[in-house]
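Following: one structure in structure tokens, then a few remarks.
We did not get these values from a lab; they are worked out from the coordinates using the rules stated. Computed from a predicted model, the values in this text were never measured in an experiment. In this analysis, Cβ positions are derived from the backbone assuming ideal geometry, glycine residues included, and neighbour counts consider all displayed protein chains.
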Amino acid sequence: METELAKTRGTLPGPITYVVLAVWVGVVVTAIFDGVFGGEGLGRLALPAAVFVPVAAVVVAYLASARFRSYLLDLDRMLVLAVQMWRVIGIAFLFALAFGQLPAGFAVPAGVGDIATGLAAVGVVMALSRGRLTRRRFYAFTALGVTDFLVAFAVGLPLAPPGLVTWPLALYPAFMVPLFLILHLISVLQSMQITPSQKRSNHVVSR
């Protein structure tokens with residue numbers, strides 16, 4: 001019998017989390033209007049850094065701090081997955097394509113991939129709420145979400161569309177992409193929390 005992810009409710013993010021998110025957004029928005037992501041030479045590394053530095057920071061904090069690790073693992077699994085439904089906002093790339101702000105080589109794979117991931121998240125959340133989310137389906141969804149970003153980077157970096165480094169489109173790669181990646185990471189870490197007794201019963205129970 002295939003194992004399933006338990007729908008046990010966890011804790012909700014506290015005030016500190018929302019303050020960190022607000023500061024993060026503020027820094028990103030300031031950088032966008034200052035033209036940080038549109039620079040030449042080393043400036044072209046600013047956008048990739050905006051994506052990977054926050055993810056790396058979470059990984060380091062997870063490994064270094066037992067308190068932070070416990071906080072992430074105790075977060076409400078339903079909420080962590082439900083936020084991925086906002087990926088449908090990637091339809092903005094298709095609108096940008098229609099108005100000539102992004103090239104089709106980037107807008108189509110990035111936009112379609114985001115929409116597909118957001119719609120898939122709806123099914124995943126519904127399955128989890130009914131206690132029917134299998135590990136196979138969960139990891140397939142995670143692979144879809146991460147692959148979407150890898151494809152977007154693979155086509156986006158060579159094309160370097162100017163519209164992607166200016167307001168408002170730049171907010172997506174500079175803030176939302178790392179946020180979604182972090183949420184993918186958290187949900188995977190949560191799914192790996194299995195005790196010996198849970199292995200025997202073939203169920204994954206959230207902490």
> In region 54-96, what residues are closer than 16 Å to Ala170 by Cβ and aliphatic (A, V, I, L, M)?
Replying inline: Ile89, Ala92, Ala96
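Here's the yes/no breakdown for (1) in a helix (DSSP H, G or I); (2) within 25 Å of Gly118 (Cβ to Cβ); (3) within 20 Å of the chain's Cα centre (by Cα):
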residue	(1), (2), (3)
Val19	yes, no, yes
Gly26	yes, no, yes
Ala31	yes, no, no
Arg44	yes, no, no
Leu47	yes, yes, yes
Ala57	yes, no, yes
Ala61	yes, no, yes
Phe68	yes, no, yes
>> Quick check on my filter: what residues within region 157-196 are touching a Pro at 6+ places or on another chain (Cβ under 7 Å) and surrounded by 16 or more Cβ atoms within 10 Å (Cβ to Cβ)?
In response: Pro161, Leu164, Pro178, Ile182
> How many of the residues making up region 98-119 are of a type in the set (A, V, I, L, M, F, W, C), outside any loop (DSSP other than H, G, I, E, B) and surrounded by 20 or more Cβ atoms within 10 Å (Cβ to Cβ)?
Replying inline: 3
> When both residues are 6+ apart or on different chains and their Cβ atoms are under 9 Å apart, which pairs have a first residue that lies in region 58-73 and is under 17 Å from Leu179 (Cβ atoms), and a second that is charged (D, E, K, R) and in a helix (DSSP H, G or I)?
Replying inline: Ala61/Arg69; Tyr62/Arg69
> Looking at (1) surrounded by 19 or more Cβ atoms within 10 Å (Cβ to Cβ); (2) within 11 Å of the chain's Cα centre (by Cα), which is the only condition Val146 fails?
Replying inline: (1)
